[in-house]
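Q: The structure is given below, and queries will be raised subsequently.
Throughout, read-outs are computed from the coordinates displayed, never taken from laboratory work. Here the structure is a predicted model, which is why all the values come from computation and not from measurement. For neighbour counting, all protein chains shown are included, and Cβ atoms are generated from backbone atoms with ideal geometry for every residue, glycine included.
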Amino acid sequence: MTAPIHIIGGGLAGAEAAWQIASRGVGVVIHEMRPVRGTAAHRTAGLAELVCSNSFRSDDPEHNAVGLLHEEMRRLDSLVMRAADANQVPAGGALAVDRDGFSSAITAALEQHPLVTICREEIDGLPPADWDNVIVATGPLTSAALAEAITKLAGEAALAFFDAIAPIVHRASIDMSVAWPQSRYDRAGPGGSGADYINSPLSRPQYEAFIDALLAGQKAAFHDWEAATPYFDGCLPIEVMAERGRETLRHGPMKPFGLTNPHAPTVKPYAVVQLRQDNRLGTLFNMVGFQTKLTHGEQVRIFRTIPGLEGAEFARLGGLHRNTFLNAPNLLDATLRLRAAPRLRFAGQITGCEGYVESAAIGLVAGRFAAAERLQKSLGAPPPTTALGALLGHITGGHIETIDAGPRSYQPMNINFGLFPPLAKSPTRAADGSRLRGSAKTLARKAAISRRALGDLALWIAGADQAQAAE
Ligand SMILES: Cc1cc2nc3c(=O)[nH]c(=O)nc-3n(C[C@H](O)[C@H](O)[C@H](O)COP(=O)(O)OP(=O)(O)OC[C@H]3O[C@@H](n4cnc5c(N)ncnc54)[C@H](O)[C@@H]3O)c2cc1C
């Protein structure tokens, strides 16, 4: 009997790490503080709870980096991907899930695994000295006591900034004589129909009035400790986007492209608000990209000026939350261990990746590293040409401090093709010999990066298996 590996936090990363460890025949104890102690965003006691959107983003493994990451995780027997695939709801080209079904599937799989123990308790300081192999996966809302202990140990302050929650609307309260169902460019995607979003059109005067209302709307006050914290650019509050320019939203979440209003096919909307299905039943829809710091009262008043949403009933209103993440490139080694205390390994958003899928992916890798260490087997990092390796590389050293040097230079990152090493030779010609140009060239390049990634991942998997068999 080997001693178990301890995981602090049963979120996306902790749950995936636990599964990977138990799958290698090693015992694991998950210490999850909910429901004994809650966070500002979680609502349930379930493991791997999705706190905001129900989307895992694009499921295209050929032309989209997060779609490629999905595929790599599937090939590595990811529990998170298995539960997502089993609980998907239609969402155009995206992989979206029924959040309760997803979390229940993960909780049940881990509860039923004979090598997994789940303790409902907060770890409020450094783990006991006899825990020699620990994964800290406490996420963006790491409890204050643990965050303080880690900060003292690591000698460098963790950073805080804002993520954002978009409002959720009851489907039945949307006026479908004004709004209409359609995915952008009618894309069906996995499990979708091509009509998975609900779209609300705005004319130019309506858009201008909406922007005025956003700019004038009352915002919730920041706490003192939040005031000087920078927003994450990929997740700006809608009113901050409006402040950056009156047309910004029309080129972002409210862009009108790829959509035709069947109620007035010849009239091009000036802007469109999209709502995406949020639960399996199709009774709840979230307002895509509408994260906001407006007060709840103002959200109801202003969002009900959107055509089709005049009678909207909100199941949840938008909000902003702080994030906690390490200056990982300086503090962690190549297998995610804290240099200052190598028995502690970090996983998930606290390492500075961003998003559900990325957090689970780093949990997957951390779990495999921890299990290999416990079994005294060697396991190299996934190649940097894979999505897993590219993301890991960003965390453990890919980031270069630039003008904004110091701990704030390193900021969270979603997986993207910019993190992959360039191709030795980008494709220049199509299969029929014609010269590739413009977007066709970009797509061919992405497809070539993805092919290379999956080929290199297969070699890594085979190599890891061989190394284990030989030892
Ligand atoms: C408000 C908000 C909105 C977000 N929206 C999105 C989104 O729309 N899409 C997206 O892809 N990502 C989103 N994210 C990011 C998302 O939270 C993370 O990507 C993902 O959940 C992180 O996974 P994780 O496992 O690192 O952390 P989590 O999933 O948060 O899991 C951490 C777990 O650790 C537990 N915990 C914390 N401290 C302790 C302790 N001391 N002892 C024991 N247990 C502890 C928590 O209860 C929690 O269950 C959002 C984050 C926030 C905060």
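Q: List the pair-distance distribution P(r) of the stretch 69-221, using every Cα-Cα distance, as the percent of pairs falling in each 5 Å bin from 0 up to the bin containing the longest distance, rounded to whole percents.
A: Percent of Cα pairs in each bin: 2, 6, 8, 12, 13, 13, 14, 11, 9, 7, 4, 1, 0, 0.
Q: I'd like to compare 246-258, 75-87, 425-437: which one has the highest average count of other Cβ atoms within 10 Å, and what's the full order after that?
A: Packing proxy ranking, top to bottom: 75-87, 246-258, 425-437.
Q: Continuing with this model, one more query. So what is the relative contact order for the chain, in percent, with contacts set as C-alpha pairs under 8 Å and at least six apart? Can you show the working numbers first?
A: Values: 974 pairs, mean separation 99.4, N = 471.
So the answer I get is 21 percent.
Q: Only counting other Cβ atoms within 10 Å, I'd like Thr442, Thr138 sorted with the fewest neighbours first. Show your work: numbers first, answer last.
A: Numbers: Thr442 14, Thr138 30.
Listed from fewest to most nearby Cβ atoms, that is Thr442, Thr138.
Q: Let me ask you something else. Tilt of helix 12-23 relative to the longest C-alpha principal axis of the chain, in degrees (0 to 90, nearest 10)?
A: 40
Q: Ala424 versus Ser378, label points 7 Å from Cα toward the beta carbon: distance in nm?
A: If labels sit at Ala424 and Ser378, their model points lie 2.4 nm apart.
Q: Of all DSSP beta bridges located in the chain, what percent are antiparallel, nearest 5?
A: Working: 30 of 47 bridges.
Beta bridges within the chain, antiparallel portion: roughly 65 percent.
Q: Report the local net charge at Ala430: Lys and Arg +1, Asp and Glu -1, summed over other residues whose C-beta lies under 11 Å from its C-beta.
A: Details: positive: Arg429, Arg435, Arg437, Lys441; negative: Asp432.
Local charge sum for Ala430: +3.
Q: Order the peptides 362-368, 24-30 from the highest to the lowest mean number of other Cβ atoms within 10 Å of their residues.
A: Details: 362-368: 28.6, 24-30: 20.0.
The peptides rank, most packed first, as 362-368, 24-30.
Q: Next question, about the same structure. If you take the Cα atoms of the chain, find Rg, then find the Kirkwood Rh from the mean of 1/r over all pairs, what is Rg/Rh?
A: On the way: Rg = 22.7 Å, Rh = 23.3 Å.
With Rg and the Kirkwood Rh in hand, the quotient comes to 0.97.
Q: Now, a different point. Which of the lysines could a cross-linker bridge to Lys255, judged by Cα under 23 Å and excluding same-chain residues fewer than eight apart?
A: Once the sequence-local lysines are set aside, what remains near Lys255 is Lys268, Lys293.
Q: What residues qualify as long-range amide H neighbours of Leu259, i.e. H under 5 Å apart, gap of 5 or more or another chain, H built at 1.01 Å from N?
A: Answer set, sorted by chain and number: Tyr185.
Q: Angle between the Cα long axis of helix 99-112 and the longest principal axis of the chain, 0 to 90 degrees, nearest 10?
A: 10
Q: Same structure, new question: Check the straight Cα-Cα distances from Lys441 and name the lysines below 23 Å, setting aside those fewer than 8 residues away within the same chain.
A: Lys425
Q: Residue by residue through the stretch 75-82, which ³J(HN,Hα) values in whole Hz follow from phi under the Karplus form 6.51 cos²θ - 1.76 cosθ + 1.60 (θ = phi - 60°), with glycine and proline marked x?
A: 5, 9, 6, 6, 5, 4, 5, 4
Q: Continuing with the same structure: When ranked by the protection proxy of mean other Cβ atoms within 10 Å per residue, highest first, what sequence do the peptides 111-123, 46-58, 301-313 form? Could the numbers behind the result be given before it?
A: Values: 111-123: 14.8, 46-58: 23.4, 301-313: 18.2.
Per-residue mean Cβ counts within 10 Å order the peptides as 46-58, 301-313, 111-123.
Q: A further question follows. Report the extension gain between Arg204 and Ala315 in nm, rounded to one decimal, defined as 0.36 nm multiplied by the number of residues separating them, less their alpha carbon distance.
A: Details: separation 111, 0.36 × 111 = 39.96 nm, distance 2.86 nm.
Between Arg204 and Ala315, full extension yields 37.1 nm more.
Q: What angle, in degrees between 0 and 90 and rounded to the nearest 10, separates the Cα long axis of helix 438-470 from the longest principal axis of the Cα atoms of the chain?
A: Roughly 20 degrees between the two axes.
Q: What is the Cα coordinate range of the stretch 30-116 on the first, second and third principal axes, sorted by size from largest, in whole angstrom?
A: 42, 30, 19
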